[in-house]
1. Taking the stated definitions as given, is residue 113 more than 20 Å from residue 20 (Cβ to Cβ), touching a residue at least 12 places away in the same chain (Cβ under 8 Å) and within 18 Å of the chain's Cα centre (by Cα)?
2. Do we find a residue being surrounded by 15 or more Cβ atoms within 10 Å (Cβ to Cβ) and out of contact with any strand residue (DSSP E or B) (no Cβ under 7 Å at 6 or more places or on another chain) anywhere in the stretch 150-157?
3. What are the pairs with Cβ atoms under 8 angstrom where one residue, in the stretch 63-79, is among the hydrophobic types (A, V, I, L, M, F, W, C) and the other, located anywhere, is part of a loop (DSSP other than H, G, I, E, B) and buried (at least 20 other Cβ atoms within 10 Å of the Cβ)? Sequence gap at least six, or different chains.
4. Residue check, residue 124 against (1) of a type in the set (Val, Ile, Thr); (2) modelled with pLDDT of 90 or more; (3) surrounded by 11 or more Cβ atoms within 10 Å (Cβ to Cβ), all met but one. Which one?
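The values are calculated or read from the model by the stated rules, or taken from the named source; none is laboratory data. Since we're looking at a predicted model, the values are computed, not measured. So basically every Cβ, Gly included, is an ideal-geometry build from the backbone, and we count neighbours across all protein chains shown.
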Amino acid sequence: MREMRLKKREVTDPGILREILEECRVVRIGAMDSEGIFVVPVNYGYDFYLGDNADRDQRPGKEYRLTLYFHGAPEGRKAEEFASAPNVAVEMDCRHELITGDYTCSYSYAYRSIMGNGRVTQIISDEQKRYALSKIMEHMAPDASLDFSREMLERTAVFQIDVSCFTGKERMQKGQGR
């Protein structure tokens, strides 16, 4: 993974990365098929692991692993492309706020984001589907009761992205600091 140009904006603290994962509500998945590049915004759930056994193709010294879960239709452009070419890019962002400036080109934007690459696979087993759908609901609607009927599991495609490398980035308002 390419080194970040503005190192002062890079987020490496696992606690802040977890905050970003929790605050964001949509992950945008980028892929490419014979029609061109496309981006799909989806709600998601996640597992974020820390520790010695979590390091899987991360940058040296980064011992965390990220798995994203989402669901959708079992057919169509997205499902077809994920089955034939599973390499994808991911992006999520939050804390959007305009930074004003003294002149036009000094305006900017405050945000937090995560960007990365990974491989998407469709989850087949009902047990794994229930787990992934539970993670989505835990993130999106933590107080909702869960009941995954057999019929619903059969007609819903559930996917996971094993994020092989990612970076966190943050731009804060003037005068704010970590």
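1. On the way: more than 20 Å from residue 20 (Cβ to Cβ): no; touching a residue at least 12 places away in the same chain (Cβ under 8 Å): yes; within 18 Å of the chain's Cα centre (by Cα): yes.
Taking the combined requirement at face value, the residue does not satisfy it.
2. Looking through the stretch 150-157, at least one residue is surrounded by 15 or more Cβ atoms within 10 Å (Cβ to Cβ) and out of contact with any strand residue (DSSP E or B) (no Cβ under 7 Å at 6 or more places or on another chain).
3. Going by the 8 Å Cβ cut-off, the qualifying pairs are 68/44; 70/44.
4. Every listed condition holds for residue 124 apart from (3).
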